[in-house]
Amino acid sequence: MRRQWWVVAAVAAVGLWFLVSIEPVLMPFFVSMILAYLGDPLADRLEAHGLSRRLAVSLVFLLLSLAIVLTLLLVVPILGRQLGQLIESLPAVLNWIQQTVVPRIQSLTGLDLSTDIDQMRQAVVDNWKETGTFAASLLAQASRSGLALVAWIGNLALIPVVTFYLLLDWDILVAKLRGSLPRSWEPAAVRLAGECDEVLSSFLRGQLIVMLCLGVIYAVGLTLLGVRFGLLIGMLAGLASIVPYLGVIVGISVAGVVAFFQFGDWLILLGVAAVFGFGQLVESVILQPKLLGDKIGLHPVAVIFAVLAGGQLFGFTGVLLALPVAAVVMVVLRYLHEHYKNSTLYDAGRQRTQDEESP
């Protein structure tokens with residue numbers, strides 16, 4: 001038995017080394033796995049209504065493609081334009097902070113912040129124009145490195161192809177994987193897989209929908225108030241909502257500063273607070289109970305650590321997979337903790353009780 005565990009550990013170590021070695025080419029496959037996982041339940045429902053697997057997968061693939069294309073065509077240009085306007089307005093914002101906010105802070109605390117703010121403002125003034133040509137510089141750099149550009153385009157082109165074939169054979173792959181498990185491991189493995197699927201579906205489908213809904217609520221509310229960069233601030237606050245309360249803290253702080261600087265009226269802050277308060281109300285009363293419940297259970301600190309650790313280890317691919325992997329690890333740790341609490345290592349008296357009860 002001990003030898004079998006050594007074999008399993010060796011295979012796992014080799015597999016981890018292999019994944020680390022080929023990390024630069026993993027991104028399109030992991031993105032495709034996530035998209036296929038998200039689309040498989042809908043394909044199963046369509047298949048249950050009498051459609052063939054290929055036709056069901058084709059419809060799901062078409063819906064995913066339309067959603068991605070519409071997002072790229074409608075939202076991304078607006079966000080890019082608002083981001084450029086925000087960068088252009090930074091020098092004026094810092095100048096207002098230096099002339100209005102800093103003197104008040106100095107009168108209340110006695111701290112001299114003028115030098116630091118002036119250095120920050122000068123740095124922004126000197127460099128903000130360079131950020132406006134970032135995309136052009138990136139494209140020029142990619143053009144000079146033709147092989148890297150071809151590889152990048154090839155990776156993007158792989159995503160729809162791999163997604164389609166994974167969706168087509170998803171149930172077959174799952175069945176083969178289950179059939180390959182050692183018979184003695186299958187009951188525990190199936191139980192863990194079910195719990196992991198529940199957590200992952202809650203996160204990938206539930207949390208992403210919550211983030212999207214909050215982003216839309218914040219963006220529409222701020223835009224109706226007439227706040228500049230409303231779409232950009234709302235979407236960023238929605239993305240930051242992956243950590244509980246971080247989205248509303250970041251969003252209301254940035255939107256409050258922008259709105260007050262734009263209108264110069266304290267009453268506008270009440271409108272900003274009302275927008276984010278409404279978003280929090282919708283999240284707590286409707287979105288969280290309906291879409292998430294208490295299934296994920298990841299602590300906010302664990303969320304932050306997982307994202308940072310994933311980015312440090314595997315770059316963008318690691319950030320993409322950080323929270324799903326953390327959710328699976330949480331399920332496995334919960335399973336191990338349950339076994340530990342029922343073991344003699346945790347309670348030595350349990351073994352004595354069992355020995356006494358045995359004939």
Sorted peptide list for 329-336, 74-81, 36-43, criterion being average Cβ within 10 angstrom, highest first: 36-43, 329-336, 74-81
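Between Val76 and Ile249, what's the calculated FRET efficiency when r is the beta-carbon distance and R0 is 35 Å? Round to 0.05.
Plugging the Cβ-Cβ distance into 1/(1 + (r/R0)^6) gives 0.85.
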Prolate/oblate/rounded call for the range 297-343, Cα gyration tensor, a/c under 1.5 rounded: prolate
Neighbourhood net charge (14 Å Cβ-Cβ; Lys/Arg +1, Asp/Glu -1) for Met211: 0
Two-site FRET efficiency, Arg205 against Leu158, from Cβ-Cβ distance with R₀ of 35 Å, rounded to 0.05: 0.90
Projected label distance in nm at Trp185 and Val325, using a 7 Å step from Cα toward the beta-carbon: 1.9 nm
Two-site FRET efficiency, Leu83 against Leu212, from Cβ-Cβ distance with R₀ of 22 Å, rounded to 0.05: 0.70
Shape of the range 31-82, Cα gyration tensor, a/c cut at 1.5: prolate
Mean Cβ count within 10 Å, highest first, over the residues of peptides 49-56, 235-242: 235-242, 49-56
Charge context of Phe61, other residues only, Cβ under 13 angstrom, K/R +1, D/E -1: +1
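Taken together, the values in this text are just the output of simple stated rules run on the coordinates, not laboratory data. Since the model is a prediction, treat every value here as computed from it, not as a measurement. Cβ atoms come from the backbone with ideal geometry, glycine included; neighbour counts cover every protein chain shown.
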